[in-house]
Structures are given as structure tokens and as C-alpha cells.
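Shown next, in C-alpha cells, is the structure this report addresses.
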Amino acid sequence: MTDIPTRDDLIAYLGTGYVDPGQPLDDALSAAIASQESRCVIDPYTDPLRTACLRRAAAILAATNAPLGITDLGDLGSSLTIPRWDAITESLEAPYLRPRFA
């Protein structure tokens, strides 16, 4: 069994040179954990769920400066749309998704 990621786990996942933004990091991790808890069966908590949670938190942090899903490319003169879905996160969580009814 694996533990739910902590703040230190997320900082380590983001790599060396990452500057801790403080509260936004905590907020992103909390949102990622809550999202996963609402979508997935998390008992037992496994390595794929942990990786998916870290990826989701990193994506939330990356989108902080692009609240509408679009980021400015500066000198390149155009915009880049941030993908809404992460295929890797989705595939990691797929076996653990709660059943849903239409």
C-alpha cells in the first residue's frame, strides 16, 4: 500500500530547481487529492493512483497562469491552448474509477 502524496512528495516530483510558490502548491495538491477521491476507489491506495495525483497537482500548478486554458507564448506572437485531459493520468486512474450511471 502507498500513502497519499504530501507536499514534499509533490515538490520532489516537480524536480530540482522548482521554486515552491507556498499556498498555491498546497491548494493544487488538495484539489488533486479531492478530485481523485471523488472519481476513484482509493482503498487501497496504489502507486498508479499516487502518480496520477502528482500529475494532476502538477497540471493544476502549470495552469495557474492560464486560468482560461490559454497561455501567451510571448515573442512567438500566438497562444497555446493547455490540454483539458491528460491521457496518462486518465489511464493510471481508469482501473480505479467509481461506477457511474447515465
>> Restricting to the range 26-41, name every residue that is among the hydrophobic types (A, V, I, L, M, F, W, C) and surrounded by fewer than 18 Cβ atoms within 10 Å (Cβ to Cβ).
In response: Ala31, Ile33, Ala34, Val41
> What pairs come up if the first residue lies in the range 1-23 and is within 11 Å of Ala58 (Cβ to Cβ), the second is surrounded by 10 or more Cβ atoms within 10 Å (Cβ to Cβ) and modelled with pLDDT under 90, and their beta carbons are under 8 Å apart, counting only those six or more places apart or on different chains?
Replying inline: Ile11/Tyr18; Ile11/Asp20; Leu14/Leu61
>> Among (1) modelled with pLDDT of 95 or more; (2) in contact with a Gly (Cβ under 9 Å, 6 or more places away or on another chain); (3) not basic (Lys, Arg), there is one condition Gln36 misses while meeting the rest; what is its number?
In response: (2)
> Looking only at helices (runs of 4 or more DSSP H) that fall completely inside the range 1-68, which ones have 1 or more residues that are within 15 Å of Tyr96 (Cα to Cα)?
Replying inline: 23-39, 47-62
>> Pairs needed: first member in the range 87-102, under 13 Å from Ile42 (Cα atoms) and at pLDDT 95 or above; second member anywhere, part of a helix (DSSP H, G or I) and of a type in the set (Val, Ile, Thr); C-beta distance under 7 Å; at least 6 residues apart or different chains.
In response: Leu92/Thr51
>> Condition first: out of contact with any Phe, Trp or Tyr (no Cβ under 8 Å at 6 or more places or on another chain), surrounded by 12 or more Cβ atoms within 10 Å (Cβ to Cβ) and under 18 Å from Asp86 (Cβ atoms). Can you find one or more residues in the range 14-23 that meet it?
In response: yes
> Quick one: is Asp43 of a type in the set (D, E, K, R) and free of Cβ contacts under 8 Å to residues at least 24 places away in the same chain?
Replying inline: yes
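The values are calculated or read from the model by the stated rules, or taken from the named source; none is laboratory data. Treat the numbers as computed from the prediction; the structure is a model and nothing was measured. Note that each Cβ is placed from the backbone with ideal geometry, even for glycine, and that neighbours are counted across all protein chains shown.
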